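The values are calculated or read from the model by the stated rules, or taken from the named source; none is laboratory data. For clarity, every value in this text was computed on a predicted model and none was experimentally measured. In this analysis, Cβ positions are derived from the backbone assuming ideal geometry, glycine residues included, and neighbour counts consider all displayed protein chains. Accessible surface is based on the protein model in full, side chains and every heavy atom, while ligands, DNA and RNA are left aside. Shrake-Rupley method; radii C 1.70, N 1.55, O 1.52, S 1.80 Å.
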Amino acid sequence: LVGSNKSYASDSHPAQLYVRKPGEARSWLAEGRLEVKTDPMTWIDRELTKISRDRVMAVEVVQPNGDKVLQSRTDAKQEDWTVTGLPAGAKPKQTDLNGTGSALEFLTCEDVAKASDIAFDKAVVATFRTFDGLVVTVKSVKKDGKPWVQLAASVDAEQAAKNAPKPAAPAAPAAAGKTPPAAPAATPAAAASAPAADAAIVAEAAAIQRRFGPWAYQIPDYEAGNLTHTPADLVMTDKSASGAKKSD
């Protein structure tokens, strides 16, 4: 058991503190230094996710009332997002869409609690899908004016299989002077052995679920905005367009 410091280190003597063995009444004066932070938030890794924007294929944000907006793209190099769920003819705010696409790149927390202690039954739900098949769902609510999120992960097996390494089938050696036989048509058994989801993506989803599943996290307000926008928030107006020009 480590007690109080008696003195701190100086040029003339080392640091000293009191220690005691459990179950013994006698304390000892020992040389050394031990700093134990009493704030629980210094004991946890406050960085939650690092899923880069380059991986994100689509994000759907659904409000508790059913309003939703979907942003998607067909290629990781595509700069602007295709958006559905906005009023007809509305021009989307691509800057805000980029913020959402990058929301899981540096997601951090300011507090943590058991997920069962936060009511997520009326949450805003943001679902992120990556080109390599990872699916991350983020539920967002407010408690005492602070944004809280709960994360879950799964795998889109079909999407993941598209990016899984394809094993090369060894070619059968042809007899001299003969044409190799044509490959047989695919059979049900062969179809069943088609490439499965990339093992790395399956492992990543399992790790996210294992780490974050039991917990809820309070996140900064500016990060919460990228996870909870309504369709109206993404509509470019004359005012927001002029503001963008000024910032440029």
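Would you check which residues across segment 34-52 are surrounded by 10 or more Cβ atoms within 10 Å (Cβ to Cβ) and not in a loop (DSSP other than H, G, I, E, B) and list them? First the steps, then the outcome.
Our first condition is that a residue be surrounded by 10 or more Cβ atoms within 10 Å (Cβ to Cβ); within segment 34-52, this holds for 34, 41, 44, 46-49, 51-52.
Within segment 34-52, M41, E47, L48, T49 meet the criteria.
Name the residues in segment 83-112 that are among the small types (G, A, S) and within 18 Å of the chain's Cα centre (by Cα), would you? Lay out the reasoning, then the answer.
As a first pass, look at segment 83-112 and keep what is among the small types (G, A, S): 85, 88-90, 99, 101-103.
Matches in segment 83-112: G99, G101, S102, A103.
Please determine, by comparing only the residues of segment 155-173 that are surrounded by fewer than 16 Cβ atoms within 10 Å (Cβ to Cβ) and either assigned to a strand (DSSP E or B) or charged (D, E, K, R) (or both), which one is modelled with the lowest pLDDT.
If we take residues in segment 155-173 being surrounded by fewer than 16 Cβ atoms within 10 Å (Cβ to Cβ) and either assigned to a strand (DSSP E or B) or charged (D, E, K, R) (or both), then K166 is modelled with the lowest pLDDT.
Where in segment 88-153 are there strands (runs of 3 or more DSSP E), lying wholly inside it, with at least 3 residues that are open to solvent by 40 Å² or more (accessible area, probe 1.4 Å)?
Values: elements: 111-114, 124-130, 134-143.
Hits in segment 88-153: 111-114, 134-143.
Within segment 63-87, can you find the residues that are part of a strand (DSSP E or B) and either open to solvent by less than 40 Å² (accessible area, probe 1.4 Å) or hydroxyl-bearing (S, T, Y) (or both)? Lay out the reasoning, then the answer.
From segment 63-87, those part of a strand (DSSP E or B) are 68-72, 82-84; that's our starting set.
Selection gives V69, Q71, S72, T82, V83, T84.
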